[in-house]
Amino acid sequence: MQQKQKCWTAEPDFVMKIRVVVLGAGFAGLELTAMLSEAIPDQLDLTLIDKSDSFHFGFSKLDIIFGLETPEAVHFPYKAINKPGVRFRQETITSIDPKKRVVATNRGTHESDVLVVALGADYDLKATPGLIEGGNEFYSFGGAEQLRKKLSSFTKGNAIVGVTSTPFKCPPAPSEAALMLHEYLKQHGTRDAVQITLVHPFGAPIPPSPAASRVLVHAFTERGIKFMPNHIVQALPKAGMFAEGAARVVGESLIAQVKGGEKPRPYSGAGSCYVEFGEEKVGRVDVDFFSGPTVKGEYLGASIDLAREKRDFAADRIKRWFGT
Ligand SMILES: Cc1cc2nc3c(=O)[nH]c(=O)nc-3n(C[C@H](O)[C@H](O)[C@H](O)COP(=O)(O)OP(=O)(O)OC[C@H]3O[C@@H](n4cnc5c(N)ncnc54)[C@H](O)[C@@H]3O)c2cc1C
């Protein structure tokens, strides 16, 4: 984030406005936008830019693969955003001048007093030979939709859920995919004809939480899922809740500058990940990266209550971020 002190725009009614341009309307960009709009609506002139026309949660891709939701149901159009001081622009960012805080897009340029980059991470499918030609991926929305089609005709053989490199988004996601695949095949009467293997780059499914990892490994054994851990690569969880937490610290810092007040404490690195276990049950891992000498992870066992909490989490974010 770059910023210039005390250089807000003046409007005829003499309300000083801060021009904020937020690049990327994902977990981080939406959270920051909602925070600023709620805290300083009259002083805010915020442009939120994303190349897509709608938001979806990363975890909704699992629902797409296994036919639990339709694509329409998990997309939230940005045009519905109704937050004071905020305008959304569907544009593709082509270059950023961090010194001048000017952004070029396919439709023009945007100048700012404060420029926030929240563009997430892209995937490099070509980096894994054969993946495009012979494999499937579910980390992109299109990939999840393709996989859903392929699964409908998959009745026997080997299914390998693998991670191609680290760091990768949401460490529980591969384990969730293996568990949900088990349930899907069971429901379709084909589980006995399929060997499911989970090839994982870490020594445990969720390294910061040994308790959650133990439960997951036990769940794999119970369900006949072959777990192949690898101890070479070190862990880095990159989940949406952490992007949201980091965005909050940026938001608090900007609000303190506009309203006056103390600067926030640095980002604590604390957050949670939900883990789908199938049978409509969800577990939760609370991870704390920075407050102690080592990363700590607490595990809450899978339950129907936590499945409800996850649904409420998503509904609450959509309400806050979109203001509808
Ligand atoms: C299968 C799966 C399951 C997951 N499950 C969970 C979970 O249960 N819990 C959890 O907390 N997290 C989960 N995640 C991780 C979560 O989705 C990401 O960590 C989160 O989206 C990161 O947020 P972000 O704001 O940094 O980036 P993103 O959400 O990726 O947002 C970046 C935005 O920038 C836009 N953008 C990028 N380039 C441009 C450009 N040039 N011009 C204009 N716009 C651009 C993109 O369109 C995008 O909307 C999961 C991820 C996957 C793939």
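Between L151, L115, which is surrounded by 18 or more Cβ atoms within 10 Å (Cβ to Cβ), under 30 Å from R19 (Cβ atoms), away from the ligand (no atom under 13 Å from the Cβ) and of a type outside the set (F, W, Y)?
L115
Any chance you could count how many residues in the range 301-322 are surrounded by fewer than 19 Cβ atoms within 10 Å (Cβ to Cβ), more than 20 Å from the chain's Cα centre (by Cα) and not acidic (D, E)?
Number satisfying all stated conditions: 3.
May I ask you to say which residue of T109, T92, T47 is buried (at least 16 other Cβ atoms within 10 Å of the Cβ) and either within 15 Å of the ligand (Cβ to nearest atom) or modelled with pLDDT of 95 or more (or both)?
T47
Could you tell me which of the residues V199, V217 is part of a helix (DSSP H, G or I) and either within 14 Å of the ligand (Cβ to nearest atom) or surrounded by 14 or more Cβ atoms within 10 Å (Cβ to Cβ) (or both)?
The match here is V217.
Looking at the range 250-289 only, could you name the residues that are of a type in the set (A, V, I, L, M, F, W, C) and more than 15 Å from the ligand (Cβ to nearest atom)?
L254, I255, A256, V258
Mind listing just one residue for me: the one in the range 160-179 that is under 19 Å from the mean Cα position of the chain (by Cα) and aliphatic (A, V, I, L, M) and, of those, surrounded by the fewest Cβ atoms within 10 Å (Cβ to Cβ)?
That would be V163.
The rows are residues; the columns are (1) of a type in the set (D, E); (2) within 14 Å of G278 (Cβ to Cβ); (3) in a helix (DSSP H, G or I).
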{"site": "E137", "(1), (2), (3)": "yes, no, no"}
{"site": "F154", "(1), (2), (3)": "no, no, no"}
{"site": "T164", "(1), (2), (3)": "no, no, no"}
{"site": "L179", "(1), (2), (3)": "no, yes, yes"}
{"site": "P205", "(1), (2), (3)": "no, no, no"}
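Scanning the range 62-85 for residues that are touching a Pro at 6+ places or on another chain (Cβ under 9 Å) and either of a type in the set (K, R) or crowded, with 17+ Cβ neighbours inside 10 Å (or both), which turns out farthest from K319 (Cα to Cα)?
Filtering first and then ranking leaves I64.
Which residues, taken from the range 263-279, are part of a strand (DSSP E or B) and not hydrophobic (A, V, I, L, M, F, W, C)?
Once the filter is applied, which keeps residues that are part of a strand (DSSP E or B) and not hydrophobic (A, V, I, L, M, F, W, C), the range 263-279 yields G271, S272, Y274, E276, G278.
Does the range 243-259 contain at least one residue that is part of a loop (DSSP other than H, G, I, E, B) and either crowded, with 17+ Cβ neighbours inside 10 Å or at pLDDT below 85 (or both)?
No - not one qualifying residue is present in the range 243-259.
Return only the number of the condition from (1) farther than 16 Å from S175 by Cβ; (2) more than 13 Å from the ligand (Cβ to nearest atom); (3) without any contact (Cβ under 8 Å) to a residue 40 or more places away in the chain that G323 does not satisfy.
(3)
Among the helices (runs of 4 or more DSSP H) lying completely within the range 6-97, list those that include at least 2 residues that are farther than 27 Å from A307 by Cα and in contact (Cβ under 8 Å) with a residue 12 or more places away in the chain.
27-39
Kindly provide the set of residues from the range 260-300 that are surrounded by 12 or more Cβ atoms within 10 Å (Cβ to Cβ), more than 19 Å from K61 (Cα to Cα) and hydroxyl-bearing (S, T, Y), ordered by number.
Hits for the range 260-300 are Y267, S268, Y299.
How many of the residues making up the range 280-306 are assigned to a loop (DSSP other than H, G, I, E, B) and either of a type in the set (G, A, S) or at pLDDT 85 or above (or both)?
3
Can you say whether P41 is within 15 Å of the ligand (Cβ to nearest atom) and surrounded by fewer than 20 Cβ atoms within 10 Å (Cβ to Cβ), as far as the supplied structure shows?
So P41 does not fit the description; no.
Could you tell me whether the range 184-193 includes any residue that is surrounded by fewer than 20 Cβ atoms within 10 Å (Cβ to Cβ), in contact with a strand residue (DSSP E or B) (Cβ under 6 Å, 6 or more places away or on another chain) and not assigned by TED's automatic domain parsing to the domain that holds M35?
No, the conditions are met nowhere in the range 184-193.
The values are calculated or read from the model by the stated rules, or taken from the named source; none is laboratory data. Just so it is clear, the structure is predicted and the values come from calculations on it, not from any experiment. Cβ sites come from the backbone with ideal geometry, for glycine too, and all protein chains shown count toward neighbours.
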